[in-house]
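Every read-out reported here was derived from the displayed coordinates using simple, explicitly stated rules and does not represent laboratory data. Please read all numbers here as calculations on a predicted model, not as lab measurements. Cβ atoms come from the backbone with ideal geometry, glycine included; neighbour counts cover every protein chain shown.
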Amino acid sequence: MPETGQPAPDFTLPRDGGDSVTLSALRPQPVVLYFYPRDDTSGCTKEALAFSALADRFRAAGAVVLGVSRDSVAKHDRFRDKYDLKIPLLSDEDCAVCREYGVWVEKSMYGRKYMGIERATFLIDGTGNVARIWPKVKVPGHAEEVLEAVRAL
């Protein structure tokens, strides 16, 4: 996992709608990069809706919000359309970016161990460095907290 003050690992990933996004091409805008386990699950839906509800405020603060999961672009398209999401969703099907950011971890549910994405958010400043990290995110109030951090940059 990159640390605060270090350069954020660059990447290019396909996004909902068929385009692709390259992190370094977004400079000098700050970027909110949030990783989530799966489309259309309870917590992930709440998180996506929270960031979408604040999308205009993030834009007004000069920031771009990007959601990343291992779901396919087609699944992202359905998820976006079902909930009218206002933020780009990036597809990391081979998990390369998740591994680079240290969010591909061993999890446990009902005593069963498996690999999955740990919900985490990275705030990347306009120079491409990690300004703040929220590991093991709890969804309620998170998008608002991230917006305040963007405004404080």
task: Read phi for every residue in the range 111-117 and hand back ³J(HN,Hα) as whole Hz from Karplus 6.51 cos²θ - 1.76 cosθ + 1.60, θ = phi - 60°, with x for Gly and Pro.
output: x, 9, 9, 7, 9, x, 7
query: Each residue of the range 8-18 in turn: what ³J(HN,Hα) in whole Hz from Karplus with 6.51, -1.76, 1.60 and θ = phi - 60°, glycine and Pro shown as x?
result: 6, x, 7, 7, 10, 10, x, 10, 3, x, x
field: Integer Hz, Karplus 6.51/-1.76/1.60 couplings in order for the range 21-31, x for Gly and Pro
entry: 10, 10, 4, 5, 6, 7, 4, x, 6, x, 10
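Could you check what % of the DSSP bridge pairs in the range 46-153 are antiparallel, to the nearest 5?
75 percent
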Where labels lie 7 Å past Cα in the beta-carbon direction, separation of Glu93 and Ala74 in nm: 0.9 nm
message: Given a Förster distance of 41 Å, report the FRET efficiency between Thr22 and Tyr110 from their Cβ-Cβ distance, rounded to the nearest 0.05.
response: 0.55
field: Mean separation of Cα contacts under 8 Å, 6 or more apart, over the residue count of the chain: relative contact order %
entry: 32 percent
- request: Starting with the fewest neighbours, write out Glu148, Glu93, Glu118 ranked by other beta-carbon atoms found within 10 Å of each beta-carbon.
  value: Glu148, Glu93, Glu118
Net length gained if the chain between Thr127 and Asp10 were fully extended (0.36 nm per residue, minus Cα distance): 40.9 nm
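Suppose we take every Cα in the range 23-140 and form the convex hull; what volume per residue is that in Å³?
About 110 Å³ per residue, rounded to a whole number.
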